Each structure stands twice: as structure tokens, then as C-alpha cells.
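Remarks on the structure that follows.
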């Protein structure tokens, strides 16, 4: 099929690629966190390609509504279990394990759970993949780049975090440890892996709280005519990725052997970097109209304790673009689709 590809200067070219190698269409994959945002969207795409899926989720942050329609497929098996328990993987076999389950930034929770849960999960999935010679695809995060001011972030950029007295960095530390742990097991035990560093994924099935990201809360509050709470001064920037593009990137890591034992940024268009306050204004205009006033208040980070935020986050996606990947959904189009989905939930 034909898709746009943005190269280093981000001009649009058109190339032809084979999105999924036909020889792998009969494979079986395991997805942890399948009832979550990215897991449910990934599962939907893989099922459309007749790929068999074993999905695992303890539903602590995922929702059955996200996978209800998947349960009708004979190629989909759901296991309600906790992957922190190594016994969860007994009797399960697959060619690729996609590890999406994760505890996120401890803005509202304690950092101990983030550190312990993410460590327990990665140890169990690595152990399983080594034992059964199964490829591991793990989602890491752009948060690992931390406070590095050298933009855009490439996969070889320095990872520069804040002080350990700020619990915000516990999430990035857990993911950096996971990346090192996976690569060490590749060297010592022959593990085959691919690691994806995701940038600001959003879209249908996203969590409606801050767990799902600022866009999720902004949409919900505007639809319900509530005052928006914007953390900090709103001038911090992000590069967002519509979930279809996130899934597209993950498919390359699952299917393409060139990605074995490599790390890749998966992100939307780097030239669509946006301030959080401007994201709120964009969403407000898409819902209420271009001339509508945004009703918001700024919330100091002091309300979250000793907390820090990243001022800018811009990806370099040339490494994965060389494989044929390119984001296709603009920020405006993706937000319109996401708004429509959240509207549909209010009608139920």
C-alpha cells in the first residue's frame, strides 16, 4: 500500500511497503495489558490480519469494554490474571510476547508501586521469553529522555533524569532498568527483543483520567462543561501520537526481523510539537467552536508534592522511518476522532 514517509527534513514522500509479511499471518502472539488503551487497539489490528492472540490483563487499569467485541473472535483468548505472578504464563505458548502492562508516573500514587510492579512484570516476561524462545516486544517511554535539552531525541540520546528526591522519575528509572535488563538477557541468555519508546499516544479506548494523558482529561472536562485544570504553567510541550500510528510502529517491531535487538522511537509528526495550553485551546475549539473561550485554571506542581515536569519533548523518528514507518494521522484529525469516541461514551 502507499503511505507518506517523512525523512530527516520531514518533507513528505510516497513509498510502497508491505505492511505485514504474509508468511507471519498465522502466528500467535501474547499481549500483556490487552484490555488497556494500546493493547486493545493492537489486538484489534492483529485480529483483522487473522493472527491468533492470547491477551492477559488483571483489569486494574484496563476495561472489559475495550475488548468486549474481541471476545467474539475464535482467534482471541482472554486471561484475567496478574503477570506479576509468574504462574500466569503456565501453559501459554506464543511466538511473540508484546509487553504493554505497566505502572506509570506516580503523580497520584507512590513510587514504590511503580518500581516494584514494573520490575516484577519485566522479570517474568523475560523469563518466559527465554524459556520458550519467544521474541519480546516491550513498550518503554519517551520519559526516559528526562531533562535532556538536546532536541530532537534519538535512540542514542543521553538519558538525563532529575534527582532521586523527586518521585516523578521513578517511572523513567523503572523503564530504563527494564531496557537494561532486557539487553543484558539478550547478551547473556540469547533473548530476542525489540523496544519501543512511545511518545504521547492517544485515541479511542484511552483512560479517561490523568492516567490517559492531558488530552483525555481536557476532552472530558470540556464535554462536561467543567473548568480545565492545567498543571504547571501550560508552556511545557509534547509530541502526540494517534494510537493507529502507535500500533503501526509496533507492528514493524513485531513482524520485521530487522528490528531484533534494537530500540526505536515511535511517535507522531515531530513538527507538530505543541504546548499543553495550546493543546487545551485546540480541543476546546474542536468541541465548542473556534471563537469559544477556554475556561481553565493553572495547578501548581506543589499540589503533587516534590514534582518536576519535562519542558519539551520532541522525537527523532528517522530510525524507524528507514524501515518504512511514517505517522499518518495529524494532531487535529486524531483529536477529532478521539473527541467523537469520548462523546459516544457519554451517550451510553
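The values are calculated or read from the model by the stated rules, or taken from the named source; none is laboratory data. Every value quoted in this text rests on a predicted model; they were computed, and no experiment measured them. Here Cβ is always computed from backbone atoms with ideal geometry, including for glycine, and neighbour counts include all displayed protein chains.
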Could you tell me which of the residues 261, 207 is surrounded by fewer than 19 Cβ atoms within 10 Å (Cβ to Cβ) and under 14 Å from the mean Cα position of the chain (by Cα)? 207
Does residue 136 meet the test of being in contact (Cβ under 8 Å) with a residue 40 or more places away in the chain and closer than 19 Å to residue 251 by Cα? yes
Every listed condition ((1) surrounded by fewer than 21 Cβ atoms within 10 Å (Cβ to Cβ); (2) over 17 Å from the mean Cα position of the chain (by Cα); (3) modelled with pLDDT of 95 or more; (4) within 26 Å of residue 321 (Cα to Cα)) holds for residue 45 save (2)
Does residue 248 satisfy the criteria of being out of contact with any strand residue (DSSP E or B) (no Cβ under 8 Å at 6 or more places or on another chain), over 24 Å from residue 146 (Cβ atoms) and free of Cβ contacts under 8 Å to residues at least 24 places away in the same chain? no
Sort out which residues of region 79-88 are crowded, with 16+ Cβ neighbours inside 10 Å, within 12 Å of residue 123 (Cα to Cα) and either free of Cβ contacts under 8 Å to residues at least 40 places away in the same chain or in contact with a strand residue (DSSP E or B) (Cβ under 9 Å, 6 or more places away or on another chain) (or both), and write them in order of number. 83
Please go through region 133-175 and pick out each residue that is part of a helix (DSSP H, G or I), more than 17 Å from residue 98 (Cα to Cα) and touching a strand residue (DSSP E or B) at 6+ places or on another chain (Cβ under 8 Å). 142, 144, 145, 169, 171, 172
Meets criteria (part of a helix (DSSP H, G or I), over 17 Å from the mean Cα position of the chain (by Cα) and either loosely packed, with under 15 Cβ neighbours inside 10 Å or without any contact (Cβ under 8 Å) to a residue 40 or more places away in the chain (or both)) for residue 233: no
Within region 165-178, work out how many residues are modelled with pLDDT under 95 and surrounded by fewer than 21 Cβ atoms within 10 Å (Cβ to Cβ). 2
If residue 145 satisfies all but one of (1) modelled with pLDDT under 95; (2) under 28 Å from residue 268 (Cβ atoms), what's the number of the condition it fails? (1)
Applying the selection to region 318-348, what residues are more than 12 Å from residue 241 (Cα to Cα) and either without any contact (Cβ under 8 Å) to a residue 24 or more places away in the chain or not in a helix (DSSP H, G or I) (or both)? 322, 323, 324, 325, 340, 344, 347, 348
Return yes or no: is residue 277 surrounded by 17 or more Cβ atoms within 10 Å (Cβ to Cβ), part of a helix (DSSP H, G or I), at pLDDT 95 or above and out of contact with any helix residue (DSSP H, G or I) (no Cβ under 7 Å at 6 or more places or on another chain)? yes
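Rundown of residues vs (1) surrounded by 15 or more Cβ atoms within 10 Å (Cβ to Cβ); (2) without any contact (Cβ under 8 Å) to a residue 12 or more places away in the chain; (3) in contact with a strand residue (DSSP E or B) (Cβ under 6 Å, 6 or more places away or on another chain), yes/no style:
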| residue | (1), (2), (3) |
| --- | --- |
| 180 | no, yes, no |
| 192 | yes, no, yes |
| 211 | yes, no, no |
| 214 | yes, no, no |
Is at least one residue of region 63-72 in contact with a helix residue (DSSP H, G or I) (Cβ under 9 Å, 6 or more places away or on another chain), over 24 Å from residue 207 (Cβ atoms), surrounded by fewer than 24 Cβ atoms within 10 Å (Cβ to Cβ) and in contact (Cβ under 8 Å) with a residue 12 or more places away in the chain? no
